[in-house]
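Report on the following structure.
Values in this text are rule-based calculations from the coordinates and carry no lab data. Quick caveat: nothing in here was measured; it's all calculated off a predicted structure. All Cβ positions, glycine included, derive from the backbone under ideal geometry; neighbour counts span all protein chains shown.
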Ligand SMILES: Nc1ncnc2c1ncn2[C@@H]1O[C@H](COP(=O)(O)OP(=O)(O)OP(=O)(O)O)[C@@H](O)[C@H]1O
Ligand SMILES: [Mg+2]
């Protein structure tokens, strides 16, 4: 039976029981103390019960209206919406009515729908990206082999040039396939990840030292500043977190678009988390693309230039590593002019 029938029936039953109990109680009281000693149908007795009846009626009607509009209707709306979920042509998000449990249910539903849409977009992007990245070298290989097959009289030096090109292009394809499979392997590694307590200050300083040196070698500059005290510990898998920093620094250098790029690394504790920021003063990312940066196979430069070699997996991988550590990661336009990436890692419980 549906709630919209069950609830009024339940209220009706409660109302009858309530009125019956009050009636019986009053009869009992009056039987002892009052001059009203006649039957239940006595007009004086009914006149006494009538206001109670009216008040009870009023309260029950208010309750029914409240439950109908605040519980039953929103659930019905959610039900209809669940039946209509359409990932390809998404409907506008459900309007939030209140901050109670139903409001939270709506919020979680909207989030779930958004995640489904992102997963769908990622799937499409992934197929398009794999097809595109493999098609480009394959088209060249095809062209060169056709040329070699049809022009048998080509000079040896020219033939050798084409063989070299074919080798380079097929090498690039092997690299691409290796990148795809290492991304899937990393997902499996994350499932069995072991976290250990690590001093936040030490982790920060070690990474800063490593990249200060590396970036200086590329004629870039790294500025580091943190406010972690000695006793702040993080529960992390250090090699994985190092991989995140590695991805972020290599992105800054690759896409900063400047010769003497300045990169800023900041660390600070806030509440139960340690926050890390990597920012640069490069060309940054257009506002419209910022929210898509963590999607698999997303690259700002749609031409997916081979010389930069970006598959669009680095930031997606950073996101899954950070989320496996129960932290969060986001991108924002940095005050230094380029891109800023901020991520949080939960602090280890202090004993
Ligand atoms: N610091 C940055 N400045 C400007 N653009 C950036 C920066 N970092 C990332 N991007 C843009 O975000 C896109 C996604 O980055 P991501 O690291 O996910 O992939 P990728 O570097 O292209 O490929 P991969 O990391 O798999 O080799 C990049 O292609 C680039 O266009
Ligand atoms: Mg990258």
(request) Neighbouring Cβ atoms within 10 Å as the yardstick, rank 49, 293, 3, 270 fewest first. (result) 270, 3, 49, 293
(request) Kindly express, to the nearest 10 degrees and within the range 0 to 90, the angle between helix 200-217's C-alpha long axis and the longest C-alpha principal axis of the chain. (result) 30 degrees
(request) Would you mind ranking 288, 159 by Cβ crowding within 10 Å, fewest neighbours first? (result) 288, 159
(request) Could you order peptides 276-282, 255-261 by the average number of other Cβ atoms within 10 Å of their residues, highest first? (result) 276-282, 255-261
(message) On C-alpha positions alone, give me the angle between the axis of helix 3-33 and the longest principal axis of the chain, in degrees, nearest 10.
(response) 30 degrees
(request) Rounded to the nearest 10 degrees, what's the angle between the helix 43-67 long axis and the longest principal axis of the chain, both from Cα atoms, 0 to 90? (result) 10 degrees
